[in-house]
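Structure, as structure tokens:
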Amino acid sequence: MPEENQGFTVSDKRVKIEEPHPDRRTEKKAQQDHENRKTGPVSDENAPPDFSSFILSLGTSCLMHLGENPLPGQEKNEMNLPHAKEVIDLLSLLEEKTRGNLTREESNLLSNLLYTLRMKFVELKNR
């Protein structure tokens with residue numbers, strides 16, 4: 001009697017983890033979206049800041065150094081012109097290095113912010 005070909009069986013013993021499809025919304029996500037429509041978006045601490053927020057943050061820092069806004073925890077406005085110049089220089093560097101890669105709105109925001117900060121800096125330096 002000829003020997004029959006006996007095959008072999010392969011069994012996968014890995015544990016399969018079901019991950020939800022990215023297009024499927026969970027109940028919690030749907031509820032959060034519903035709440036956001038009512039109250040506006042909730043800031044996500046893990047979400048990366050966008051470029052405009054980053055620029056405005058640097059601008060706020062510069063204004064604090066120019067004495068416009070008191071630093072947190074201080075009642076008195078203190079000027080620190082060298083630090084303000086450093087932030088202005090940093091914004092100028094960002095403007096130069098990102099030229100051509102920004103949206104029109106981002107580019108306008110950056111150039112208008114720089115103009116305003118430079119004028120304020122010159123005004124305070126010449127007092």
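Among the residues of the range 79-106, the ones that are assigned to a loop (DSSP other than H, G, I, E, B) and either surrounded by 14 or more Cβ atoms within 10 Å (Cβ to Cβ) or over 17 Å from the mean Cα position of the chain (by Cα) (or both) come to 6 in all.
Here LYS13, LYS29, LYS76 are screened, and the one residue that is assigned to a helix (DSSP H, G or I), surrounded by fewer than 14 Cβ atoms within 10 Å (Cβ to Cβ) and modelled with pLDDT under 90 is LYS29.
When the range 36-73 is examined, which residues are found to be part of a helix (DSSP H, G or I), at pLDDT below 60 and of a type outside the set (Ser, Thr, Tyr)? Of everything in the range 36-73, those that are part of a helix (DSSP H, G or I), at pLDDT below 60 and of a type outside the set (Ser, Thr, Tyr) turn out to be ASN36, ARG37, LYS38.
The values are calculated or read from the model by the stated rules, or taken from the named source; none is laboratory data. No experiment lies behind these values; they were computed from the predicted model shown. Because the Cβ atoms are built from the backbone with ideal geometry, glycine has one as well, and the counts that use them run over all protein chains shown.
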